[in-house]
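S.K.: First the structure, then my questions, so here it is.
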Amino acid sequence: MSEVKLAVETRTEFGKGAARRIRRDNKVPGVLYGHGSQPLHLTLPGHELLLALRTPNVLISLDIDGKGNELAIPKAVQRDALKGFLEHVDLLLVKRGEKVTVEIPVHTEGELAPGGNLLEHVLVALPVEAEATHIPQSVTVSVEGLAAGAAVHAKDIVLPSGATLAVDEDAVVLQVLAAQAEEAPGEAAEGEETAEA
């Protein structure tokens with residue numbers, strides 16, 4: 001698990017105008033909350049935050065106004081729909097040793113059984129509980145040789161050490177669907193009558 005250090009500042013200005021000014025300076029407005037403390041409004045460095053958020057569930061060490069460090073994980077990230085730049089970030093305060101519930105990406109490896117079958121990701125991210133400083137980056141599932149009708153349940157996935165499922169163990173994560181047969185041109189579907197001249 002990677003830990004990224006960011007120097008951040010507390011902010012006292014709120015609203016759209018203040019947020020626009022912050023973004024013009026290549027910074028991102030954000031809020032830090034958790035552990036029953038009052039929400040703390042922050043200004044974060046834009047480029048460094050963007051790089052940090054490329055890692056799923058990244059652990060961020062916040063140096064707030066140069067006074068001390070707090071650990072946080074991203075909880076919600078808002079991006080501009082067209083340009084993709086960061087508009088706002090919500091951060092959840094965490095402590096070392098504390099368990100948190102996060103969603104980790106599910107990756108697959110291997111080839112399905114022959115026959116043009118399709119793999120459906122029912123869950124693209126798997127909810128797990130893990131220590132805040134040891135959150136897994138992702139989980140990889142082998143789909144080698146799976147045929148139509150096969151399914152991978154949450155309980156079938158081997159989790160990294162220290163992580164436990166935070167979803168029903170019988171939840172379907174992946175399933176293999178049979179390829180749909182295309183109807184040949186000129187064939188009538190069952191139950192349809194063909195018009196005779």
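S.K.: Of the listed peptides 75-83, 43-51, 4-12, 115-123, what is their order by residue-averaged count of other C-beta atoms within 10 Å, with the highest listed first? Don't skip to the end; give the middle numbers.
M.R.: On the way: 75-83: 11.1, 43-51: 17.6, 4-12: 15.0, 115-123: 12.8.
Answer by packing, highest mean first, reads 43-51, 4-12, 115-123, 75-83.
S.K.: LYS16 to ALA125: extension gain in nm, 0.36 nm per residue of separation minus the Cα-Cα distance?
M.R.: On the way: separation 109, 0.36 × 109 = 39.24 nm, distance 3.27 nm.
Going from the current span to full extension adds 36.0 nm.
S.K.: Pull up all non-local amide H partners of LEU91: gap of 5 or more, or a different chain, and H-to-H distance under 5 Å with H placed in the peptide plane.
M.R.: Those lying under 5 Å, H to H, from LEU91 are VAL31, LEU32, TYR33, LYS75.
S.K.: Would you mind getting the accessible area per residue of the chain, heavy atoms of the protein chains only, 1.4 Å probe, in Å²? If you can, show how the numbers build up before the last one.
M.R.: Numbers: 11950 Å² over 197 residues.
I get 61 Å² per residue for this part.
S.K.: Still on this structure: With each run of n ≥ 4 DSSP H residues scored as -39500 (n - 2.57), what mean residue ellipticity at 222 nm is computed for the chain after dividing by its residue count and rounding to the nearest 500 deg cm²/dmol?
M.R.: -2000 deg cm²/dmol
S.K.: Another question about this same structure. Ordered by packing density, taken as the mean number of other Cβ atoms within 10 Å over each peptide's residues, highest first, how do 163-170, 99-106, 149-156 rank?
M.R.: In decreasing order of mean packing, 163-170, 99-106, 149-156 become 99-106, 149-156, 163-170.
S.K.: Right, something else. Cα centroids of region 135-174 and region 76-131: how far apart, whole angstrom?
M.R.: Spelled out, the Cα-based centre of one part sits 13 Å from the other.
S.K.: Right, something else. Positive end of the dipole of region 74-137, charges at C-beta (+1 Lys, Arg; -1 Asp, Glu), about the Cα centre: which of GLY110, VAL94, VAL128 has its Cα farthest in that direction?
M.R.: Projecting each Cα onto the dipole axis, the largest value belongs to VAL94.
S.K.: Quick one: grab the alpha carbon gyration tensor of region 1-158, order the square roots of its eigenvalues as a ≥ b ≥ c, and give me rounded if a/c is under 1.5, else prolate or oblate depending on whether a/b is larger than b/c.
M.R.: Taking the square roots of the gyration eigenvalues as a ≥ b ≥ c, region 1-158 is prolate.
S.K.: Now for a different question. What Kirkwood hydrodynamic radius, in Å, does region 51-92 give when the mean of 1/r is taken over all pairs of distinct Cα atoms and then inverted?
M.R.: By the Kirkwood definition, the hydrodynamic radius is 11.4 Å.
S.K.: List the lysines whose alpha-carbon lies under 18 Å from that of LYS99, not counting same-chain residues fewer than 8 positions away?
M.R.: Straight-line reach from LYS99, under 18 Å: LYS75.
S.K.: Let me ask something else. Could you tell me which of the pairs LYS27/LYS95; LYS83/LYS155; LYS5/LYS155 are separated by over 31 angstrom between their Cα atoms in the structure shown?
M.R.: LYS83/LYS155; LYS5/LYS155
S.K.: Further, regarding this structure: Determine the dipole magnitude for the chain: charges of +1 sit on the beta-carbon of Lys and Arg, -1 on that of Asp and Glu, nothing else is charged, the reference point is the Cα centre, and the result goes in debye to the nearest 20.
M.R.: 2060 debye
S.K.: Of all accessible surface on the chain at a 1.4 Å probe, what whole percent is carbon and sulfur?
M.R.: Percent of accessible area from carbon and sulfur atoms in the chain: 49.
The values are calculated or read from the model by the stated rules, or taken from the named source; none is laboratory data. Worth saying up front: this structure is predicted, and the values here are computed from it rather than measured. Quick reminder, even Gly has a Cβ in these numbers, built from the backbone with ideal geometry, and neighbours come from all protein chains shown. Keep in mind that these areas ignore ligands, DNA and RNA; they rest on the heavy atoms of the full protein, side chains included. Shrake-Rupley method; radii C 1.70, N 1.55, O 1.52, S 1.80 Å.
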